[in-house]
Each structure stands twice: as C-alpha cells, then as structure tokens.
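A.B. asks: Next up is a structure, given as structure tokens.
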Amino acid sequence: MNNDIKRIRDVEVGDTVYTLGSDLKIKSSRVVGKKVNPPRPVYRLVTANYRHVIATDNHPFLLLKKEGKFYKLSWTMLKDIKVGDLIAVVGRIPDNGKSHKIFFKPGEKGKTISWPSETTEELLWLIGFYLGDGYMDGDTRINFAVPKDDASSEKVEKLLRDLFNVKPTRRGVVLRVNSVNLVRFFTSLGLAGKARGKRIPGWVFKLPHQQKKALIDGYIAADGYKRDGHRNISVCSSNKKLLEDLKTLAISCGLNPLKISRWRRRERKPLGKKLKTYTHYFLYFSDIIPDSEIYFVPVKSIEPAGTRITYDIEVDGTANFIAQGLIVHNSKVTMKYPSVYLLGRGAKADILSVAFAGRGQHQDTGAKAVHLAPDTTSRITSKSVCKDGGRTSYRGLLHVAKGAKRVKSSVRCDALILDDISRTDTYPYNDINEEDTTATHEATVGKIGEEQLFYLMSRGLTEQEALNMIVLGFLEPFTKTLPMEYAVEFNRLIELEMSGSVG
C-alpha cells in the first residue's frame, strides 16, 4: 500500500493499494468498500517461486490460459485453478517510498552521539547487519558479531563512526559500542529484542526501494551465504517471523525471494545426558530478477488450510489488488462502468443499466457521460434490485467541458430492496465547467409493501409469484427496450435469481 504493508483485515476504506490496470501496469487506487465474511473453508495456493496466498474457493486470480494456438488472460476462481496453470505474479512495483524522518531525544546521562535526521542507505545497511548479527547488552551496550577478518568488519566500524560519532572496541569476534544513547537510538527505531524476537519495523516498508535493498544487503552480509555449486544466495535465522518480514520486504522492492525452509539438528549436552533440538530457517533468493511489472509462473500446489474469517475489499476502478505478490480480484464484487464521449455537436447518448444482487454479492455499476461538444444530450437510467443481504451501488460521472454550451443531462437511479438486510448506495459526481448546462439527478429507493403482496396473493398468486411480478414490473422500463427474444430470456433469468437458482 504505497510502499506500506498491511494485512487485509487492517485495510480500511479510503486506504490506497496497488492494483493492476487495464494496460497491465501496476498503479495505485483507493479502497471504496470492505466486507468481513463469516468463517468458511480456505485454501493455500503456492506458486513455483513460492509466493503464497490463503483464499476461499471463489476468489478469482489472474491466469494466462492457452486457447488453441494463442494465450489469453482470464480471471479464474481458485476452485477452477489446477496445478501447473500459469498465474500472474507481481515483478516491479512502483517506487513511491520516502525516507523516514528520525525524531530522537537522547538521555541526559551517557556520552553524546550524533545521528542522522532521516534514513539513508548507509543507516539501513547497518540496521540490516544488526538484525542479522547484532544484539544489545541490557541498556548500555550494542554488539555486532563480526570477526576482524570478515569482509564487513571495516564497513561496520566505519558506519558506526560516521553515523554516530562513536568508536567501537573489539573483543574477540565481537565489535562493541558502550553507549546508552546508541542503545536508546536503536530502541526508538523499533530494533530492540533478542534474536528470536526481532522484527523488521513497519516504517521500513514505507522507504524507497534502494533503502529497502540496503537493509537486505546488510542482512545478507551478516547471515547470508552461497553454497558451492549453487547460484542462489540464502540467509539463515532461528527467527522464522524475521525471515517472513525479509521476504515481504524483498517482494515489495522488486526482488525475487523464494522459499523459507526449516532445518533441525539435535545435540547432546555435556555428559551425554540430554538431547536438545536446534531449529534454523533459511530464506533463498533467486538470482533472476524480474524486469517487468507482472510475469507468469506455474501453480505449485493448492491445499486445504482450514476454516477462517475472510475479508474482501473493493478497489475503485480496477476491482483487483495485490496480495502476497499475487494479483487477486474482488471475489464478490461485480463492476460495470460504460462510458460515452459526446464529441460532435448535437450528439446524444442513452445509457440503460440493470443490476441484481443476491446473497453475498455486490453489484457495483454506473456510467460516465463526457460532454465535449455543445448541444449534446445524455440520459442515464439505472435500475437495481437487491435481496438476501445483497448490495448494489451506482457510481455516475457527468463531465461537461468548458465551451460545451447548452448541454442537457439527466440521471435517474431507481433501487428496489426486498428485505431489511440488503443495501443500496448512490455515488454521483458532477464535473461541470460550463454555466449553460441543464443537469438533473433523481434517485429513489423502494421496498415491497405488505399490502402489495396481500393484494396479489388474494388474486391467487403464491408469495414467490407475487414477488416475481413486482420485480419484473419494476424492471419493465429496461425490459421493453430489448428485442423480444432477449426480453424473454431476461425475465427468465430474473425469475431464477429470485428463486435462488443463480449466483
């Protein structure tokens, strides 16, 4: 989220997230809706490069599917995805990060130190090294485990002198800095804690890519290695959460981290009386760095992952968002926004829209009328029906350019709600830059009254037949514009929706 990282449960309406545009470019877009769903079965999808996401079986993902001799993009629900299918993965993400301002107040006791006023690549490299091989002795000393003959030893010493004006001392394989204020400085940045409790602070995820990469380079300098005969670099830690943070950070700045694996060894304590198990984790980095914003890799596995509360967010315009490096579509939101550009004098546009939302559905529809010439006319008619907790939304944009005189535009939104748990919303937006404009907007929301049902049922109709008749009558202004064969099929589809046979 604009270089920040949030769990989907913490995302709020108004937040900005990364999304994939129709031009297949990554961009930012605003969250305009959020839904919490009751617990239901979820599945863990893992890609060949070890991106993973947990989702319900109706969550659509972007796939590249072969049809004959050609490939085409397809939004495919998780339940229809098979191992080996090519799924979209995010490569390069736009760099919108900014350096983190540092507001630090030293204590009255202890030696004076200097410190940077904002983050730099040098500071982030040192922080990365500290996360890998650094630790605190109480509140008085910071240590860096780096042997004198290590390639990083001189760099660690130089950065400590240049950034903080302190002189480290060596004791064996450890560089030590006795400074209460340096401990306070690192603590103020969220870097306190023992080896198994260290985490990458949240502010790091908001930094520019180069500063993020500097932290990763520092961590690799401390705990990274390359096995003989292998091209991939790996880093090691007893702290799995820290490696998960590092993997997420790497994805956010366009790198290609792979899997986190576990290794255990058992050692016997002195006198051979007791065995103790030591667990370490390894994060591997691919030497192949993607140079495009999205690319496609095979699905490695799809397995049940229990039952969970799930969350769905509605993203303005694109209806998709990026989760764990994968491109995920809104699972229960259908969006439709026809646009009309009136370019010639006297041009006319008539837009008709109809939406039906049942249980667990959000039909987000609307229209755009852009008047760029004089004497143009637009009419937008929107009809929506919702039942069983469904939600419908109308988003309308009316734009009248300067000089487009005598424009006439009318918008009518009619909604029918069939119960007390459904919802409908209207979001009109008018951008009128010409005074000689006539624009009207009318919105009505209706409910079915008991007297209507009673009247129809007293004429021999069942309750379901009465409901169907009222809904079909409500939609008649739309239906009568259709050719006969389409109108018959449309009415049949509405009857199926009303009976719950569709959706």
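Bear in mind these aren't lab numbers, they're just calculated from the coordinates by the rules spelled out. Small disclaimer: the values here were computed from a predicted structure and weren't measured. Because the Cβ atoms are built from the backbone with ideal geometry, glycine has one as well, and the counts that use them run over all protein chains shown.
A.B. asks: Along the three principal axes, how long is the stretch 332-447 when you take its alpha carbons, biggest first, rounded to the nearest angstrom?
C.D. replies: Its Cα atoms span 47, 22, 18 Å along the three principal axes.
A.B. asks: Taking neighbour Cβ counts within 10 Å as the exposure measure, how do His399, His362 sort from fewest upward?
C.D. replies: His399, His362
A.B. asks: Using only the Cα atoms of the stretch 448-503, construct the convex hull and provide its projected area averaged over every direction, in square nanometres to one decimal.
C.D. replies: Average projection, Cα convex hull of the stretch 448-503: 4.3 nm².
A.B. asks: Over the chain, calculate the relative contact order: mean separation of alpha carbon pairs under 8 Å at least 6 apart, over the residue count, as a percent.
C.D. replies: The value is 15 percent.
A.B. asks: Mind grabbing the base-10 log of I(q)/I(0) for the chain at q = 0.06, 0.10 Å⁻¹? Debye formula, identical points on the C-alpha positions, no solvent, two decimal places.
C.D. replies: Debye curve over Cα of the chain, log10 I(q)/I(0) at q = 0.06, 0.10 Å⁻¹: -0.43, -0.93.
A.B. asks: Express in whole angstrom the spacing between the alpha-carbon centres of the stretch 204-244 and the stretch 325-404.
C.D. replies: The distance from the Cα centre of the stretch 204-244 to that of the stretch 325-404 comes to 47 Å.
A.B. asks: Oh, and also: If you average the alpha carbon positions of the stretch 43-102 and of the stretch 111-184, how far apart do those two centres end up, in angstrom?
C.D. replies: About 40 Å separates the Cα centre of the stretch 43-102 from the one of the stretch 111-184.
A.B. asks: Please arrange Ser153, Ser114 by how many other C-beta atoms lie within 10 Å of their C-beta, fewest to most.
C.D. replies: Placing the least packed residue first, the sequence is Ser114, Ser153.
A.B. asks: Sort Val36, Val328 so the one with the fewest other Cβ atoms within 10 Å of its own Cβ comes first.
C.D. replies: Ascending number of Cβ neighbours within 10 Å: Val36, Val328.
A.B. asks: Now, a different point. Within the stretch 66-159, which chymotrypsin sites (Phe, Trp or Tyr not before Pro) sit in a loop by DSSP and count at most 12 neighbouring Cβ atoms inside 10 Å?
C.D. replies: Loop-located and lightly packed - Phe103.
A.B. asks: Can you flag which of Lys25/Lys66; Lys34/Lys405; Lys79/Lys213; Lys212/Lys368 are past 32 Å Cα-Cα?
C.D. replies: From Lys25/Lys66; Lys34/Lys405; Lys79/Lys213; Lys212/Lys368, over 32 Å: Lys34/Lys405; Lys79/Lys213; Lys212/Lys368.
A.B. asks: Among residues other than Phe454 whose Cβ falls under 15 Å from its Cβ, what is the net charge (Lys/Arg +1, Asp/Glu -1)?
C.D. replies: After counting each charged neighbour, the total is -2.
A.B. asks: Follow-up question, since we're still on this one. Could you give the dipole magnitude of the chain about its Cα centre, charging the beta-carbon of Lys and Arg +1 and that of Asp and Glu -1, in debye to the nearest 20?
C.D. replies: For this selection, approximately 3040 debye.
A.B. asks: Ok, one more. Per DSSP H run of n ≥ 4, the term is -39500 (n - 2.57); total these for the chain, divide by its residue number, and report the mean residue ellipticity at 222 nm rounded to 500 deg cm²/dmol.
C.D. replies: It lands at -6000 deg cm²/dmol.
A.B. asks: Count charges around Gly21 for me, please; just the other residues with Cβ under 11 Å from its Cβ, Lys/Arg as +1, Asp/Glu as -1.
C.D. replies: Neighbour charge sum, excluding Gly21 itself: 0.
A.B. asks: Over the Cα atoms of the stretch 121-285, what Rg and Dmax result, in angstrom?
C.D. replies: Rg, Dmax (Cα atoms, Å): 16.5, 53.
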